[in-house]
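Note sheet for the following structure.
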Amino acid sequence: MPFDLMTVFKKSDLQKFGQTTSNVVSLAFKANKKSGSKIARAVLDNGTTLIKTVTATGVEIGQVLEIPEINSVAQRNAVIKDLTKNKITQEQIAAMLDISQATVSNVLRKKWLITQSW
């Protein structure tokens with residue numbers, strides 16, 4: 001089923017964050033191979049990224065997530081850990097941040113190794 005990215009993020013979604021369609025710098029979909037769903041990303045001119053999940057049949061799941069601009073690896077890692085605590089899967093986090101699932105796994109594994117006492 002084809003999707004139109006401009007219809008995924010409605011004006012009301014953008015207005016919740018004080019933005020309009022003219023503030024959108026880029027739009028992208030990343031497919032979830034297992035479920036067939038897609039993560040839609042809209043990057044705004046202020047560096048904020050808005051995320052929305054769309055199923056294979058076109059159902060939009062949940063609300064729009066707002067991810068602040070990420071300026072460092074430490075900040076990215078903190079966002080990964082925070083999203084994981086909120087029950088977001090590694091594959092979804094990877095799609096949201098436009099990184100590989102392996103990177104997400106590595107960040108989480110390093111966190112786990114650091115917290116283990118030998």
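The values are calculated or read from the model by the stated rules, or taken from the named source; none is laboratory data. Keep in mind that what you see is a predicted model, and the values were worked out from it rather than measured. Virtual Cβ from ideal backbone geometry, glycine too; neighbours counted across all protein chains shown.
Observations on the structure shown:
- Figure legend. Inter-residue proximity from region 36-51: first residues under 14 Å from Val8 (Cβ atoms), second residues crowded, with 16+ Cβ neighbours inside 10 Å and among the hydroxyl-bearing types (Ser, Thr, Tyr), beta-carbon distance below 6 Å, spacing 6+ or different chains. Indicated pairs: Ser37/Thr53; Ile39/Thr53; Arg41/Thr49; Val43/Thr49.
Every residue, every condition in (1) over 12 Å from the mean Cα position of the chain (by Cα); (2) surrounded by 11 or more Cβ atoms within 10 Å (Cβ to Cβ); (3) farther than 25 Å from Gln101 by Cα; (4) modelled with pLDDT of 85 or more, yes or no:
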site: Phe17; (1), (2), (3), (4): yes, yes, yes, yes
site: Ser22; (1), (2), (3), (4): yes, no, yes, yes
site: Lys34; (1), (2), (3), (4): yes, no, no, no
site: Arg41; (1), (2), (3), (4): no, yes, no, yes
site: Leu44; (1), (2), (3), (4): yes, yes, no, yes
site: Lys52; (1), (2), (3), (4): no, yes, no, yes
site: Gly58; (1), (2), (3), (4): yes, yes, no, no
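- Taken over region 76-93, the criterion of being without any contact (Cβ under 8 Å) to a residue 12 or more places away in the chain and either surrounded by 12 or more Cβ atoms within 10 Å (Cβ to Cβ) or of a type in the set (D, E, K, R) (or both) is satisfied by Ala78, Asp82, Lys85, Lys87, Ile88, Thr89.
- Of the helices (runs of 4 or more DSSP H) contained entirely in region 1-86, those carrying at least 3 residues that are under 17 Å from Val104 (Cα atoms) fall at 73-85.
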